[in-house]
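Participant: Below is a structure I'd like to ask you about.
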Amino acid sequence: LLGSYMMMLPIIGLFLAISQAGIPHAFMTLISKHKQNTISILKTCLFLIIIQSFFCILLIYFFRQSMQYLKLILLYVILCNLSALVRSYHVARNKAMIPALSNILEECIRMTFLMTFFKSNPTLEVVFTGMFLGELTSLTFMLTRIKLTHLKKIDFKHHHFLYKEVLSISFPTSITQL
């Protein structure tokens with residue numbers, strides 16, 4: 001069991017690197033520079049992450065015979081991508097305490113779940129459920145701390161230029177991750 005889990009960690013890391021590809025960093029950078037375009041930047045980054053997550057789905061389809069837990073990994077990766085964008089938003093707004101507290105909360109939930117259920121049912125499903133619940137709790141905590149007044153300002157005039165800006169920041173970052 002531990003060997004299977006250790007074997008999956010690099011796969012999770014690869015899927016995270018492919019599906020995020022530096023977009024949370026680009027999101028944070030652009031939000032810091034252009035605070036008035038928050039919604040446009042968010043839509044652009046979400047669209048790019050969805051496209052890259054689709055690439056991960058194609059990889060899962062390609063490897064479907066060799067790994068039975070790839071669907072669980074994909075769900076976890078998608079949740080991590082959303083969480084990374086929300087973390088980046090809070091850091092760009094100079095509210096780094098919120099992601100820090102959410103990380104602590106995530107680890108507490110994950111460890112409590114694993115210590116409670118892993119003894120009676122030592123499977124990878126229990127491990128992934130603990131990881132998923134921890135990440136979901138972290139994301140929920142961060143989402144409840146977003147002030148909606150920051151998200152009301154929309155400027156659609158420069159929306160098409162954002163793809164180029166996001167990719168020009170995220171591409172060099174993603175190359176170093178891979």
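The values are calculated or read from the model by the stated rules, or taken from the named source; none is laboratory data. Owing to the predicted nature of the structure, the values given are computational and were not obtained by experimental measurement. Note that we place each Cβ from the backbone using ideal geometry, even for glycine, and neighbour counts take in every protein chain shown. Surface accessibility is based on the protein's heavy atoms, side chains included, excluding ligands, DNA and RNA. Shrake-Rupley method; radii C 1.70, N 1.55, O 1.52, S 1.80 Å.
Participant: Please go through the range 119-146 and pick out each residue that is free of Cβ contacts under 8 Å to residues at least 40 places away in the same chain and exposed (fewer than 15 other Cβ atoms within 10 Å of the Cβ).
Facilitator: Here is the first cut: in the range 119-146, the ones free of Cβ contacts under 8 Å to residues at least 40 places away in the same chain are 119-121, 126, 129-130, 133-134, 137, 140, 144.
If the condition is that a residue be free of Cβ contacts under 8 Å to residues at least 40 places away in the same chain and exposed (fewer than 15 other Cβ atoms within 10 Å of the Cβ), then 119, 120, 121, 140, 144 are the ones that fit.
Participant: What tally of residues in the range 114-134 results from selecting those that are modelled with pLDDT under 90 and in a helix (DSSP H, G or I)? Spell out the reasoning first.
Facilitator: Looking only at the range 114-134, we keep the residues that are modelled with pLDDT under 90, and these are 114-132.
Then drop every residue that is not in a helix (DSSP H, G or I), which leaves 114-117, 124-132.
Final tally of qualifying residues: 13.
Participant: Out of the residues in the range 69-94 meeting the condition of being open to solvent by 90 Å² or more (accessible area, probe 1.4 Å) and either out of contact with any helix residue (DSSP H, G or I) (no Cβ under 9 Å at 6 or more places or on another chain) or assigned to a helix (DSSP H, G or I) (or both), tell me which one is modelled with the lowest pLDDT.
Facilitator: In this case the residue turns out to be 71.
Participant: Could you list all residues from the range 13-33 that are assigned to a helix (DSSP H, G or I) and buried (at least 20 other Cβ atoms within 10 Å of the Cβ)? Spell out how you get there, then give the answer.
Facilitator: First pass over the range 13-33, keeping only residues assigned to a helix (DSSP H, G or I): 13-20, 23-33.
Within the range 13-33, 15, 19, 20, 23, 24, 25, 26, 27, 28, 30, 31 qualify.
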